Structures are given as C-alpha cells and as structure tokens.
Amino acid sequence: MISPSSRHDWRLRGLVSPVTADDHEVTMLYKEHPDEALRILWEEYRYRHELCWRVPVQLTAAAVALSTLPYVNCRVVEVLGEQILLVPYVGVALTGYGVLSMGAELDRLLRVRAQYRVLQKDELGVKNVTGTWLERWFHFGVRVEVYLAVLLALQLSNISVLKKHWIPIMTHGGCTVSAPPTAEPTTK
C-alpha cells in the first residue's frame, strides 16, 4: 500500500489532483510532465482500487458479525427480547452508509482509471480492450454496488427472520441449553 504522503506528493510539487482537477489542468499536467502524470495516476488508481476492494470486504465482515450475534447465545435473546434487534440494525446502518460512500469512491476510481488509460495509451502505446457490451455495462463499480445492495437486503431479511421466528421462540422457553453430557465409566 502506498503511504498517504507519497500518494499526495503532487501537492508539494504544485501539480493538480487527478481526481479534482478540471480538464484543462489535467491536459497541462500531461503535456508538461507526462511521466510524472503517469506515476501519479497509477498511484491514485492503485489506492482507489484497493480502497474499493477493502471497504466491501470489511463491511461484509462487520455485517456478518452483527447479523449473527443474536444467534450466538439464546439466554441473551431471552433476557433482551426484541431489543437484541438493535445489533443487526447497527449492521444495516453501517452497510447503508457504506453503499452511499462507495458510490462516490467508485466514481472517483472510474475517473482516475479513465484518465490513466488515456495517458497510458498516449505515452506507452498500450491499447485497452473494452470488452463486450455486458462487460462495459456491468463494470466493477456496478458489481460492487449490486453486491452491497444484496448484502443490505440479506441483512434486512435476517432481521425479519429474527423478529418473526427466532425471538418469539427464544422468549417463550425455546432456549434449552443444557450441560454437556458426561461420559459414564464403562465396566467390563
């Protein structure tokens, strides 16, 4: 992973940010410092791409942990009742926030990638393959957003199952945790 200081060293040199710059600034950067622009865009692309992979993985881990917590100890569900639903609701709120913030990050990633590919083609002569219409339509950003939407839907379904089935069973004597069986000595 690149450090934040090296990722933003373009500021120290008076160069523009590839994400926030307007077209004129980016064109000037490309013309004046093509090698530097290529390096800056590559570092920015790597950072954004890693972030766009890391956040959904971390959100998934948090969502699974928070969604399964009510199933871990039935005695807690007996005592808390429907208040235990606050835990999965925190997971839903976290995922909802992730969906909203990832939209902006994915947009930044797509802009940096587009700029990088143009400069890569111009400076290095690398031709980028565009793929089929399905690959262009169902690109990385769309797949991440669909994944997070499905994760959110699964969390809401889990809350429904908890509310309609699990909590009523557990609060009406359904928790029958007993001590583990002891081994009886065998005699011959």
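The values are calculated or read from the model by the stated rules, or taken from the named source; none is laboratory data. As the structure is a computational prediction, the values presented were derived from the model and not from experiment. Methodologically, a virtual Cβ is constructed for each residue, glycine included, from the backbone with ideal geometry; neighbour enumeration extends over all protein chains shown.
When Y45 is evaluated against the numbered criteria (1) at pLDDT below 80; (2) assigned to a helix (DSSP H, G or I); (3) touching a helix residue (DSSP H, G or I) at 6+ places or on another chain (Cβ under 7 Å), which criterion, by number, is the only one it fails?
Condition not satisfied by Y45: (1).
Take the residues in the range 86-103 that are surrounded by 13 or more Cβ atoms within 10 Å (Cβ to Cβ) and small (G, A, S), then tell me which one is farthest from L51 (Cα to Cα).
Within the range 86-103, the match that is farthest from L51 (Cα to Cα) is G91.
Just checking, does the range 100-110 include any residue being touching a Ser or Thr at 6+ places or on another chain (Cβ under 6 Å) and either farther than 30 Å from K31 by Cα or at pLDDT 85 or above (or both)?
No, the range 100-110 contains no residue that is touching a Ser or Thr at 6+ places or on another chain (Cβ under 6 Å) and either farther than 30 Å from K31 by Cα or at pLDDT 85 or above (or both).
Does Q83 satisfy being modelled with pLDDT of 85 or more, over 20 Å from the mean Cα position of the chain (by Cα) and surrounded by fewer than 15 Cβ atoms within 10 Å (Cβ to Cβ)?
Yes; evaluated as a whole, the condition is true for this residue.
Restricting attention to the range 56-79, does a residue exist that is basic (K, R) and in contact (Cβ under 8 Å) with a residue 12 or more places away in the chain?
yes
Hey, among the residues in the range 137-188 that are at pLDDT below 80 and surrounded by 10 or more Cβ atoms within 10 Å (Cβ to Cβ), which one's nearest to V118 (Cα to Cα)?
Applying the first criterion (at pLDDT below 80) to the range 137-188 yields 137-139, 173-188.
Filter again for surrounded by 10 or more Cβ atoms within 10 Å (Cβ to Cβ), leaving 138-139, 174-175.
Working: F138: 21, H139: 18, G174: 63, C175: 62 Å.
Within the range 137-188, the match that is nearest to V118 (Cα to Cα) is H139.
Do we find that L59 is under 23 Å from L156 (Cα atoms), of a type outside the set (F, W, Y), part of a helix (DSSP H, G or I) and more than 14 Å from the chain's Cα centre (by Cα) in this structure? Spell out the reasoning first.
Details: under 23 Å from L156 (Cα atoms): yes; of a type outside the set (F, W, Y): yes; part of a helix (DSSP H, G or I): yes; more than 14 Å from the chain's Cα centre (by Cα): no.
It is false that L59 is under 23 Å from L156 (Cα atoms), of a type outside the set (F, W, Y), part of a helix (DSSP H, G or I) and more than 14 Å from the chain's Cα centre (by Cα).
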